[in-house]
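A.B. asks: Got a structure for you, questions after.
The values are calculated or read from the model by the stated rules, or taken from the named source; none is laboratory data. Keep in mind that this is a model prediction, so the values were computed, not measured. Cβ placement follows ideal geometry from the backbone for every residue including glycine, while neighbour counts extend to all protein chains displayed.
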Amino acid sequence: MELDIWYLWFFISVSLFVLEIFLSSYTAFCIGLGALVAGVFSFLGIDIGYQIVIFFSVSGMILYLIKFYFRKHLISKTYQPISNLQEIIGKDAYVMEEINSMRNNGRVIFSGETWKAKSEFDEVIPKGEFVKIIKEDMRILTVKK
């Protein structure tokens, strides 16, 4: 039994799709789609040189297009790098880890970054709450509900 090249393309494609499950970066998925399209063209009898060009072209095009999708839909448009830490006083942050002074834990998300946080009066603030930043000291935020 002779092994056709399109079997190899499909094996590569499926392997990259499985790898994507563990990586979750969409890179392996895009390259896997390129391998899948090259496999279809191989099945149709297109020359191996064209298959390689198709593989790189489709993979590159999908990576290029998905970059713009992520930039438009998944990256915050309001993100601004923090240049003056005093500017963050009075702004809202999201609690991503319960703030509990007794356990010395607590983290908030503000402007796309995670910060260590403590509560103003040592109260416990559960995960998922929005808090107001009242003080910043050595990259540790003091917050209140």
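A.B. asks: Within region 53-72, does at least one residue satisfy the condition of being at pLDDT 90 or above, within 27 Å of SER24 (Cα to Cα) and over 27 Å from the mean Cα position of the chain (by Cα)?
C.D. replies: Within region 53-72, one or more residues are at pLDDT 90 or above, within 27 Å of SER24 (Cα to Cα) and over 27 Å from the mean Cα position of the chain (by Cα).
A.B. asks: So, one more: What about VAL131, is it surrounded by 17 or more Cβ atoms within 10 Å (Cβ to Cβ) and of a type in the set (Val, Ile, Thr)?
C.D. replies: Values: surrounded by 17 or more Cβ atoms within 10 Å (Cβ to Cβ): yes; of a type in the set (Val, Ile, Thr): yes.
Yes: the conditions hold for VAL131.
A.B. asks: Within region 135-145, which residues are at negative phi, of a type in the set (A, V, I, L, M) and modelled with pLDDT under 90? If you could, list the steps in order and put the result at the bottom.
C.D. replies: If we filter region 135-145 for residues that are at negative phi, which is where we start, we get 135-137, 140-145.
Going one step further and asking which of them are of a type in the set (A, V, I, L, M), we end up with 140-141, 143.
Selection gives ILE140, LEU141.
A.B. asks: Where the second residue is acidic (Asp, Glu) and buried (at least 16 other Cβ atoms within 10 Å of the Cβ) and the first is on the phi > 0 side of the Ramachandran plot and lies in region 21-38, which pairs have Cβ atoms under 8 Å and are six or more apart or on separate chains?
C.D. replies: TYR26/GLU20
A.B. asks: Here's something else I'd like to know. Please find, within region 104-115, the residue that is nearest to GLY90 (Cα to Cα) out of those that are surrounded by fewer than 18 Cβ atoms within 10 Å (Cβ to Cβ) and either more than 24 Å from the chain's Cα centre (by Cα) or at pLDDT 90 or above (or both).
C.D. replies: ARG107
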